[in-house]
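Report on the structure given below.
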Amino acid sequence: MFKVYRKEIIWGGRKLTLETGKIARQADGAVLATWGETTVLATVVAAKTPKAGVDFFPLTVHYQEKAFAAGRIPGGFLKREGRPTTKEILTARLMDRPIRPQFPDLYFDEVQIQSFVLASDRQNDGDVLAMNGASAALCLSPLPFMGPLGSVRLGYINGEFVPLPTHDQLEESDLDLMVSGTKDAILMIEGFAREMPEALMAEAIMKAHEYIREICEMQEELVQKAGTVKTPYVQPEPDALIETLWTSFSGDLKAAKRTEGKLARAEAAAAVKQRAKAVAIPNPEAADAVTAERFDSAWHTLERRAVRELILSGVRPDGRDNRTLRNIECSVDILPRVHGSAVFQR
């Protein structure tokens, strides 16, 4: 009845399955990812046009481990799922990091990625499945996603790298490393190790990238099977006001950003902004006047550009070089009666 497309590979010694076309068919993209007896549904939906006044990419990523996935039904007074756990929030962040930069600049349509763990064998975590399923769903969608992306967890047990270790294996592993990237580059690294040498950690990252390439190729083959056709995306032209302001005020803005002291630096930058605004909007009542919203958006871009160029030249906004840390002051026992209190200030 439905056109179901499935791709299976042996990944890390076990079978990984990506399937689309059966569930959540009204979403822009939807994938069921299965590893062992753990199954995750990843869906993608997007608005067709950007909201008025939005000057950022409104991407929302949600990850939830359903209680019924492990055979439990929420009970008690509230018979429903609770708020996201810390694990779920952190997993959503791990998904967001590599996905966000894979959309074009100036793409401001709202995008929502929802990932749900539908079944869990309590040994294979659903987070890696959700990350790969979300990438596959984006690749299958008409959105201008410049993927695919691959994600893998790597362990190190008895002197050997172990891809996608189970919960039991992680208890004895010296490494819990999460890596995401494309076929050509690594985009995100998260994890910890027990005093692992730098050379071995570098080897682990490169090993993880080998598995990433495999999952990226798997997603490409699934997209080819499904015959996905991307909607043509026309990159908007950058606002000409940005270059006009940069030509006239970049020097003053960089000088203001080098002001010592946070408050003094903010005041100096604000003064430059006011002068620029007076030049860009000499008559706010004129029919062809630049709007305040347009100016603020352009100026924000200018500030990011100025700070970036300063950092790349070796000067931090407060005058530090790239090897100097800010001084930190630490105080303890600030409050009476409470079980420990401290203040850390830079």
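Can you compute the FRET efficiency between residue 196 and residue 291 using 1/(1 + (r/R0)^6), with r the Cβ-Cβ distance and R0 = 45 Å? Round to the nearest 0.05.
0.25
Would you kindly find the accessible area of residue 309, with a 1.4 Å probe and non-protein molecules such as ligands, DNA and RNA excluded, rounding to the nearest 10 Å²?
Rounded to the nearest 10, the figure is 70 Å².
How large is the dipole of the chain about the Cα centre if only Lys and Arg carry +1 and Asp and Glu carry -1, each at its Cβ, rounded to the nearest 20 debye?
700
Would you be so kind as to identify which of 129, 157, 145 lies farthest towards the positive end of the dipole of the stretch 111-173, taking Lys and Arg as +1 and Asp and Glu as -1 on Cβ and the Cα centre as origin?
The residue sitting most towards the positive pole is 145.
Can you compute 3J(HN,Hα) from phi for each residue in the stretch 175-186, using the Karplus curve 6.51 cos²θ - 1.76 cosθ + 1.60 with θ = phi - 60°, rounded to whole Hz and x for Gly and Pro?
After applying 6.51 cos²θ - 1.76 cosθ + 1.60, I find 9, 10, 10, 10, 10, 10, x, 9, 5, 10, 8, 9 Hz.
Assigning unit charges at the beta carbon (Lys, Arg +1; Asp, Glu -1) and nothing else, what dipole magnitude in debye, to the nearest 20, does the stretch 1-134 show about its Cα centre?
That gives the stretch 1-134 a dipole magnitude of about 400 debye.
Out of the trypsin sites (Lys or Arg not before Pro) in the stretch 202-233, which ones are loop residues according to DSSP with at most 14 other C-beta atoms within 10 Å?
Taking the stretch 202-233 and a limit of 14 other Cβ atoms within 10 Å, the loop trypsin sites (Lys or Arg not before Pro) found are 230.
Classify the stretch 24-164: rounded, prolate or oblate, from the alpha-carbon gyration tensor (a ≥ b ≥ c, eigenvalue square roots; a/c under 1.5 rounded; otherwise prolate if a/b is larger than b/c)? Let's see the in-between values first.
On the way: a/c = 2.00, a/b = 1.32, b/c = 1.51.
Oblate, because a/c is 1.5 or more while a/b does not exceed b/c.
What is the Cα centroid distance between the stretch 264-286 and the stretch 1-68, reported in whole angstrom?
The distance from the Cα centre of the stretch 264-286 to that of the stretch 1-68 comes to 46 Å.
So for 171, 221, what's the accessible-area order with a 1.4 Å probe, most first?
Descending accessible area places them as 171, 221.
In the structure shown, do any of 7/79; 15/183; 7/207 have a Cα-Cα gap over 25 Å, and if so which? Show your work: numbers first, answer last.
Numbers: 7/79 37 Å; 15/183 20 Å; 7/207 23 Å.
Table pairs above 25 Å Cα-Cα are 7/79.
Could you work out the mean projected area of the convex hull around the alpha carbons of the chain, in square nanometres to one decimal?
Values: hull surface 101.8 nm².
Convex hull of Cα atoms, orientation-averaged projection: 25.5 nm².
Looking at 71, 114, 57, which one has the Cα that reaches farthest to the positive end of the dipole of the stretch 54-119 (charges on Cβ: Lys, Arg +1; Asp, Glu -1)?
Working it through, the farthest residue towards the positive pole turns out to be 71.
Quick one: angle between helix 198-226 and the longest Cα principal axis of the chain, in degrees between 0 and 90, rounded to 10, please.
Tilt relative to the chain: about 80 degrees.
How far apart, in nm, are the 7 Å Cα→Cβ label points at residue 205 and residue 341?
The modelled label-to-label distance comes out at 4.2 nm.
For residue 118, which sequence-distant residues (separation of 5 or more, or a different chain) have an amide H within less than 5 Å of its own amide H, given hydrogens modelled in the peptide plane?
For residue 118, the qualifying residues are 39, 40, 41.
Net charge within 12 Å of residue 297 by Cβ-Cβ distance, Lys/Arg positive one each and Asp/Glu negative one each, not counting residue 297 itself?
Taking every other residue near residue 297 into account, the sum is -3.
Calculate the all-directions average of the projected area of the stretch 81-125's alpha-carbon convex hull, and give it in nm².
4.5
Enter the angle in degrees (range 0 to 90, nearest 10) between the Cα long axis of helix 126-140 and the first principal axis of the Cα atoms of the chain, meaning the one along which they spread out most.
For helix 126-140, the angle is close to 70 degrees.
Leaving ligands, DNA and RNA out of it, work out the accessible area of residue 192 with a 1.4 Å probe and give it in Å² to the nearest 10.
Using a 1.4 Å probe on the heavy atoms, I get roughly 110 Å².
For the stretch 157-169, what does the Karplus curve 6.51 cos²θ - 1.76 cosθ + 1.60, with θ = phi - 60°, yield as ³J(HN,Hα) per residue in whole Hz, taken in order and with x for Gly and Pro?
10, 6, x, 10, 7, 10, x, 6, x, 6, 4, 5, 5
Residue separation times 0.36 nm, minus the C-alpha to C-alpha distance between residue 247 and residue 166: what's the value?
23.6 nm
Would you work out which of 170, 34, 11 lies farthest towards the positive end of the dipole of the chain, given +1 charges on the beta-carbon of Lys and Arg and -1 on that of Asp and Glu, about the Cα centre?
34
Relative to the Cα centre, what is the charge dipole magnitude of the stretch 129-210, using +1 at the beta carbon of each Lys and Arg, -1 at the beta carbon of each Asp and Glu, and rounding to the nearest 20 debye?
460
Relative to the first principal axis of the alpha-carbon coordinates of the chain, what is the inclination of helix 292-312, with its axis defined by its Cα atoms, in degrees from 0 to 90 and to the nearest 10?
80
Counting other Cβ atoms within 10 Å of each Cβ, which GluC sites (Glu not before Pro) in the stretch 1-80 have at most 13 and sit in a DSSP loop?
Within the stretch 1-80, the qualifying GluC sites (Glu not before Pro) (loop, at most 13 other Cβ atoms within 10 Å) are 37.
If you plug each phi of the stretch 227-232 into the Karplus form 6.51 cos²θ - 1.76 cosθ + 1.60 with θ = phi - 60°, what whole-Hz ³J(HN,Hα) values come out, in order, with x for Gly and Pro?
Rounded to whole hertz, the list is x, 5, 10, 6, 6, x.
Leaving out ligands and nucleic acids, note down the accessible area per residue over the stretch 1-117 with a 1.4 angstrom probe, in whole Å².
Ligands and nucleic acids excluded, the result is 57 Å² per residue.
Residue 146: accessible area at probe 1.4 Å, nearest 10 Å²?
Spelled out: residue 146, probe radius 1.4 Å, area about 100 Å².
Counting Lys +1, Arg +1, Asp -1, Glu -1, what net charge surrounds residue 280 among other residues with beta carbon under 13 Å of its beta carbon?
Values: positive: 273, 275, 277, 294; negative: 239, 243, 288, 293, 296.
That works out to -1.
Between residue 328 and residue 97, what is 0.36 nm times their sequence separation minus the Cα-Cα distance? Round to one decimal in nm.
Here the answer is 80.3 nm.
Want the number for residue 270 to residue 52: 0.36 nm per residue separation, take away the alpha-carbon distance, what's left?
Length gained between residue 270 and residue 52: 75.9 nm.
The values are calculated or read from the model by the stated rules, or taken from the named source; none is laboratory data. Quick caveat, the model's predicted, so the values are computed rather than measured. As a convention, Cβ positions derive from the backbone with ideal geometry for all residues, glycine included, and neighbour counts pool all protein chains shown. Remember, those area values only see protein heavy atoms, side chains included, never the ligands or the DNA or RNA. Shrake-Rupley method; radii C 1.70, N 1.55, O 1.52, S 1.80 Å.
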